[in-house]
Amino acid sequence: MTFTFGIYPGGLLGDEAGLIPPVRPDDPAEITAALRELQGEAAELLVRAYRLYPDGAHTPERPERYAVEGRKLDLVLQFRERSGELAGWLDFVRRTVRAEGPRLALLQICEEPNLDLPVLDGSTPNVRRALVEGVVAAKEEALACGYDHLAVGFNAVPSFDPADTFWPELGRLADERFHRALDYVGLDFFPDVFRPVPEGRLADAVRAVLTGFRNDALPRAGIGPAVPLRICENGWPTGPGRSEARQAEVVEQVVRAVAGLAGELAVRSYSFFSLRDADSAGPGPFHHFGLLRDDWTRKPAFGVYRQLVAELTIGQSID
């Protein structure tokens, strides 16, 4: 089993209050250079991008320009139809598969549907049914088009609330078609960002979150251990009280912990969030998630991540 790496290359991101635009616009030449450097000799690098329904806007803009030289898109289709209506959504999903299929490695249906925040799909009415029906529609279209390489899935965030109803409700909606169509489940998690992790316990925290997701959350929706996991978003911001040196240490520890669990938990890929700071002088942690500063200069963590990509993918498999 090979282990694949990826990254979100855009500058735009969101926090609990809304979107945070980058202080400097995305520069396709700088993005391409950084992606090439990260990829090195690896056969593949996933480029994470987001497409919004119903308006069709992409983040970053024109992500297909980065899906070259062995790089493939990890494309997220966000369901933001405030009426909750599905007919147009399912047509949108199918059109996307037809148009983008050759450039896609992964197609994620909905973005964090179990988190009710304004910038996320968990706040959209009917999102669970949009997820189930969207996965089915995407897989049916991919097979009809001959895109056997395209993996279709969805993602979620860890929940520490024992009363959370997302997974059992999803399980009640998920029928045989959904389980046949589902190629992976993604996890977005950010240890030591929103909840501090004690010194020396970061790898333990990673193991606890991943094993809990695999062994507790997914079975409540009827999703078994044969369905692969993918880490879709993970990162650690710099900024006030958060040094660039510590970011480099966290990247190394977290990636090695995830890779070490790949065989046990069927984890197939890891993607970092994100390539560049939205604003390296910004006041909050969400401004500082990048491996690069907002002027495209490299933080130490960039070199660490590049080395991990080389070490854990080139000519190696994780059993």
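The values are calculated or read from the model by the stated rules, or taken from the named source; none is laboratory data. In this text the structure is predicted, and so the values were computed from the model without any measurement. Virtual Cβ from ideal backbone geometry, glycine too; neighbours counted across all protein chains shown.
Can you pull out every residue in the range 276-300 that is under 19 Å from the mean Cα position of the chain (by Cα) and among the aliphatic types (A, V, I, L, M)?
Passing the criteria: A278, L291, L292.
Please give the number of the condition D161 fails out of (1) surrounded by fewer than 18 Cβ atoms within 10 Å (Cβ to Cβ); (2) touching a Lys or Arg at 6+ places or on another chain (Cβ under 6 Å).
With respect to (1) surrounded by fewer than 18 Cβ atoms within 10 Å (Cβ to Cβ); (2) touching a Lys or Arg at 6+ places or on another chain (Cβ under 6 Å), D161 is out only on (2).
Yes or no: T2 over 18 Å from G235 (Cα atoms), polar (S, T, N, Q), assigned to a loop (DSSP other than H, G, I, E, B) and in contact with a helix residue (DSSP H, G or I) (Cβ under 9 Å, 6 or more places away or on another chain)? I'd like the intermediate steps shown before the answer.
Values: over 18 Å from G235 (Cα atoms): yes; polar (S, T, N, Q): yes; assigned to a loop (DSSP other than H, G, I, E, B): yes; in contact with a helix residue (DSSP H, G or I) (Cβ under 9 Å, 6 or more places away or on another chain): yes.
Taking the combined requirement at face value, the residue satisfies it.
Can you pull out every residue in the range 239-272 that is among the polar types (S, T, N, Q) and within 18 Å of R306 (Cα to Cα)?
Those that are among the polar types (S, T, N, Q) and within 18 Å of R306 (Cα to Cα): Q247, Q253, S269, S271.
Give the range 86-119 a look and list any residue that's in contact (Cβ under 8 Å) with a residue 40 or more places away in the chain, farther than 20 Å from G186 by Cα and out of contact with any Gly (no Cβ under 9 Å at 6 or more places or on another chain), or say none.
Hits for the range 86-119 are R94, R98, P102.
Here's a check for you: in the range 193-222, which residue that is more than 19 Å from L115 (Cα to Cα) and in contact with a Leu (Cβ under 9 Å, 6 or more places away or on another chain) is surrounded by the fewest Cβ atoms within 10 Å (Cβ to Cβ)?
N215
For R82, all conditions in the list (1) within 30 Å of E30 (Cβ to Cβ); (2) surrounded by fewer than 21 Cβ atoms within 10 Å (Cβ to Cβ) hold save one; what is the number of the exception?
(1)
Tell me the strands (runs of 3 or more DSSP E) entirely within the range 14-104 that contain at least 3 residues that are under 29 Å from P237 (Cβ atoms) and aliphatic (A, V, I, L, M).
The qualifying strands (runs of 3 or more DSSP E) are 45-53, 71-79.
Determine if the range 54-67 includes at least one residue that is over 19 Å from the mean Cα position of the chain (by Cα), of a type in the set (A, V, I, L, M) and farther than 20 Å from N155 by Cα.
There is no residue in the range 54-67 that is over 19 Å from the mean Cα position of the chain (by Cα), of a type in the set (A, V, I, L, M) and farther than 20 Å from N155 by Cα.
Among all residue pairs at least 6 apart or on different chains, which show Cβ distances below 9 Å where the first residue, located in the range 189-202, is more than 20 Å from L229 (Cα to Cα) and the second is surrounded by fewer than 12 Cβ atoms within 10 Å (Cβ to Cβ)?
Listed pairs, sorted by first residue: R195/F160.
Any residue at all in the range 243-262 that is surrounded by fewer than 18 Cβ atoms within 10 Å (Cβ to Cβ), assigned to a loop (DSSP other than H, G, I, E, B) and either within 18 Å of the chain's Cα centre (by Cα) or not β-branched (V, I, T) (or both)?
Yes; the residues of the range 243-262 include at least one that is surrounded by fewer than 18 Cβ atoms within 10 Å (Cβ to Cβ), assigned to a loop (DSSP other than H, G, I, E, B) and either within 18 Å of the chain's Cα centre (by Cα) or not β-branched (V, I, T) (or both).
Name every residue in the range 54-79 that is aliphatic (A, V, I, L, M), more than 21 Å from E30 (Cβ to Cβ) and either modelled with pLDDT under 95 or surrounded by fewer than 21 Cβ atoms within 10 Å (Cβ to Cβ) (or both), in order of residue number.
A57
Would you confirm, using the coordinates I've provided, whether I31 is modelled with pLDDT of 95 or more, closer than 30 Å to A266 by Cα and not charged (D, E, K, R)?
The answer is no for I31.
Are any of the residues in the range 58-69 touching a residue at least 12 places away in the same chain (Cβ under 8 Å), aliphatic (A, V, I, L, M) and closer than 23 Å to G88 by Cβ?
No, because not a single residue in the range 58-69 is touching a residue at least 12 places away in the same chain (Cβ under 8 Å), aliphatic (A, V, I, L, M) and closer than 23 Å to G88 by Cβ.
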